[in-house]
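The values are calculated or read from the model by the stated rules, or taken from the named source; none is laboratory data. These numbers were taken from a predicted model, which means no experiment stands behind them. Cβ coordinates were reconstructed from backbone atoms using ideal geometry, including for glycine residues, and neighbour counts include every protein chain displayed. Just the protein is used for accessible areas: all its heavy atoms, side chains included, with ligands, DNA and RNA removed. Shrake-Rupley method; radii C 1.70, N 1.55, O 1.52, S 1.80 Å.
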Amino acid sequence: MFRVGVDNYGLFPLGLGPMETLQWALDHGAEGVAFSGLGELERRKLDCRQLLRMKDFAEEHHMYLEWGGGQHIPRDLTTWEKKDLFNHNRTAAEEAEKLGTRIIRSCSGGLMRWNPKSLSTKQLLDEMVVALSAQKQMLIDHQVILAIETHFEFTTFELLRVFEACGAKPGEWLGICLDTMNLLTMLEDPILATERVLPWVVSTHIKDGGIRVSDTGFNSFTAPFGSGVINFHKIFKLLGARSVGARLVPLSPLHLNIEDHGGDFDIPLNDPEFRKEFPDLTDQEMKELTLLSEETRQKMQAGTLAVLDRKDWAAVCEDRMVQNISLLNSLVKQI
């Protein structure tokens, strides 16, 4: 039902090129690689010949590939100047087509609503609908799906409204890359959020984490797979049954891409102005997040869960990614 692989973001500290990343994945029991992004140097070196080498390697070893580099917010999130996404995403689509994959992960940045100087969420969403609608035929022509990550940009409620405004249907040209831990940072319960976007999920970032009460509201953080508070058993059962009416979403089996890194994220929910940035946050969702925060507290008190500083990730990334692959494979076999 599932194939277990890695997202190359978790391996960035190793300094591997695309072919080296594929070999690393093969050597450590992963069934594929989602290249959600490349470093600047590797990006400059990328050409058609290298893409075909990657495709040949994956086919020879029966591995899957997913691609990245897509964007969906037509703004520079530093200067807020407008930018044209069409040619940018067309390049990603052409590369994905050469690799023989339908999936392009899309991420434009994040944490906009944490910054009071940023453009309004509504304006960004409205501009996103216009920009994505203009790309519909291009993405269909290349037979790819732009998989928008549940990142620190928009909630699942907002993404669903964007899909509706674009006139998109599940399994066609827009989809979701479900990042399980990022949902916590956007004040969404992972189970409820997965249920909301289930027909749209075409890619994943399998990442564990915790959420704890802080002086300003909540604080979320990453964790090794299986040590956090995300109920992957329930999520995988949901993902295994995803469908659109009687028609299965055209991506089977779904790939479970392990993503991991260090770091934690402050969520100043006690600030009334920040709270206004999450109008879809319901009492039910808050109840579930509160229960997860209590579970986090208990695990931290027992010493089985802790925050890893982002600067310390490089020292542990390889061992932790290898462990993540092993534990995820074990859980998938149980299911």
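The table for this structure:
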item: Residues located in region 55-92, provided they are of a type in the set (A, V, I, L, M, F, W, C) and under 22 Å from GLU153 (Cα atoms); result: TRP67, ILE73, LEU77, TRP80, LEU85, PHE86, ALA92
item: The lone exception for LEU291 - which of (1) farther than 17 Å from GLY209 by Cβ; (2) open to solvent by 50 Å² or more (accessible area, probe 1.4 Å) it fails; result: (1)
item: Among (1) free of Cβ contacts under 8 Å to residues at least 12 places away in the same chain; (2) in contact with a Leu (Cβ under 6 Å, 6 or more places away or on another chain), the one test that GLN137 misses; result: (2)
item: Single residue of region 12-32 satisfying the filter (surrounded by fewer than 22 Cβ atoms within 10 Å (Cβ to Cβ) and among the aliphatic types (A, V, I, L, M)) that is nearest to GLY263 (Cα to Cα); result: LEU14
item: Scope region 23-51; condition among the hydrophobic types (A, V, I, L, M, F, W, C) and more than 29 Å from LEU132 (Cβ to Cβ); matching residues; result: TRP24, ALA25, LEU26, ALA30, LEU41
item: Members of region 120-160 found to be in a strand (DSSP E or B) and within 26 Å of GLU81 (Cβ to Cβ), listed by number; result: LEU146, ALA147, ILE148, GLU149
item: Enumeration of residues in region 46-102 that are among the small types (Gly, Ala, Ser) and open to solvent by 20 Å² or more (accessible area, probe 1.4 Å); result: GLY69, GLY100
item: Qualifying positions in region 144-202 - on the phi > 0 side of the Ramachandran plot and in contact (Cβ under 8 Å) with a residue 40 or more places away in the chain; result: GLY171, LEU187
item: Check on PHE163, in a helix (DSSP H, G or I) and aromatic (Phe, Trp, Tyr); result: yes
item: Residue that is surrounded by the fewest Cβ atoms within 10 Å (Cβ to Cβ) [pool: residues in region 184-221 that are of a type in the set (Val, Ile, Thr) and in a helix (DSSP H, G or I)]; result: ILE191
item: Qualifying residue in region 318-334 (condition: open to solvent by 20 Å² or more (accessible area, probe 1.4 Å), farther than 22 Å from MET112 by Cα, modelled with pLDDT of 95 or more and not in a helix (DSSP H, G or I)); result: no
item: Condition met for ALA314 (of a type in the set (A, V, I, L, M) and free of Cβ contacts under 8 Å to residues at least 40 places away in the same chain); result: no
item: Test result for GLY245, modelled with pLDDT under 95 and of a type outside the set (Lys, Arg); result: yes
item: Enumeration of residues in region 99-119 that are in contact with a Leu (Cβ under 8 Å, 6 or more places away or on another chain) and not in a loop (DSSP other than H, G, I, E, B); result: LEU99, ILE103, ILE104, SER106, MET112
item: Scope region 16-40; condition aliphatic (A, V, I, L, M), assigned to a helix (DSSP H, G or I) and under 17 Å from LEU327 (Cα atoms); matching residues; result: ALA25, LEU26
item: GLY167 vs. criteria open to solvent by less than 10 Å² (accessible area, probe 1.4 Å) and among the small types (Gly, Ala, Ser); result: no
item: Filtered residue count, region 119-156, keeping only those that are open to solvent by 20 Å² or more (accessible area, probe 1.4 Å) and within 25 Å of ASP7 (Cα to Cα); result: 4
item: Subset tally (residues that are open to solvent by less than 60 Å² (accessible area, probe 1.4 Å) and either among the aromatic types (Phe, Trp, Tyr) or under 19 Å from ARG212 (Cβ atoms) (or both)) for region 261-287; result: 12
item: Scope region 94-110; condition in contact with a Gly (Cβ under 8 Å, 6 or more places away or on another chain) and small (Gly, Ala, Ser); matching residues; result: SER106
item: Region 74-98, residues that are of a type in the set (Val, Ile, Thr) and either part of a strand (DSSP E or B) or touching a strand residue (DSSP E or B) at 6+ places or on another chain (Cβ under 9 Å) (or both); result: THR91
